[in-house]
Amino acid sequence: MTERKPPGVPFESWVDRKIREAEENGAFSSLPGFGKPLAALDAPYDDLWWVKDKLHREGVSILPPALQLRKDTENALIEARTAPTERAVRELLDGINERIEAMLRRPPPGPMLDRKPVDVDAFVAEWRAEREAEAGD
């Protein structure tokens, strides 16, 4: 729509005419979601629905730094359990420990971290025991 509103024509009628012409030409019939019900139509009203929807579509997660590190620690422990080598386990846990120690030195805004560095040697001992038990089965 590069055409400008002619002078002397009321704005509303000009816009309405442009929309009607576009509808008649089928400009709206091939839009994504055409003919489908609106998502979350029955959900309670939220002023920031579009922001939350955009973040969800983009896969963006915004957590306070301490909560993000808690989540990353849990994910690293899960990943370390299935790591193929002891070296990989140690690298994963050492990286998380560095981040935990840095956060403990300078507390971030938001909730407290509520984490302490992972005892890598104890974890590796458990990891070895699990591997030996799997090999014995």
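Brief remarks follow.
- Helix axis angle, 49-58 relative to the chain longest principal axis, alpha carbon, degrees: 60
- Crossing angle, helix 11-24 versus the chain [Cα axis fit, 0-90 degrees, rounded to tens]: 80
- Of the solvent-accessible surface of the chain, computed with a 1.4 Å probe and all protein chains present, 57% belongs to carbon and sulfur.
- Taking Lys and Arg as +1 and Asp and Glu as -1, the other residues whose beta-carbon sits under 15 Å from that of residue 98 total +1.
- Only one residue of 63, 40, 26 has its Cα farthest out toward the positive end of the dipole of the chain, where Lys and Arg carry +1 and Asp and Glu -1 on Cβ, and that residue is 26.
- Here the spin labels are modelled as points 7 Å beyond Cα on the Cα-Cβ line, and at residue 51 and residue 20 they lie 3.9 nm apart.
- Efficiency of FRET between residue 62 and residue 124 - r from beta-carbon atoms, R0 35 angstrom, step 0.05: 0.55
- In the chain, the longest principal axis of the Cα atoms and the axis of helix 86-105 are about 70 degrees apart.
- Each Lys and Arg Cβ is given +1 and each Asp and Glu Cβ -1; about its Cα centre, the chain then shows a dipole of about 620 debye.
- Computed over the chain with a Gaussian network model linking Cα atoms closer than 10 Å, the most mobile of 69, 77, 31 is 31.
- Our note on the geometry: Cα centres of segment 7-47 and segment 94-137, 53 Å apart.
- Longest DSSP-loop-exposure-free segment, chymotrypsin sites (Phe, Trp or Tyr not before Pro), the chain, at most 12 other Cβ within 10 Å: 46-137
- Calculated FRET value between residue 38 and residue 105, using beta carbons and R₀ = 41 Å, to 0.05: 0.25
The values are calculated or read from the model by the stated rules, or taken from the named source; none is laboratory data. Worth saying up front: this structure is predicted, and the values here are computed from it rather than measured. Because the Cβ atoms are built from the backbone with ideal geometry, glycine has one as well, and the counts that use them run over all protein chains shown. For accessibility, only protein heavy atoms count, side chains too; no ligands or nucleic acids. Shrake-Rupley method; radii C 1.70, N 1.55, O 1.52, S 1.80 Å.
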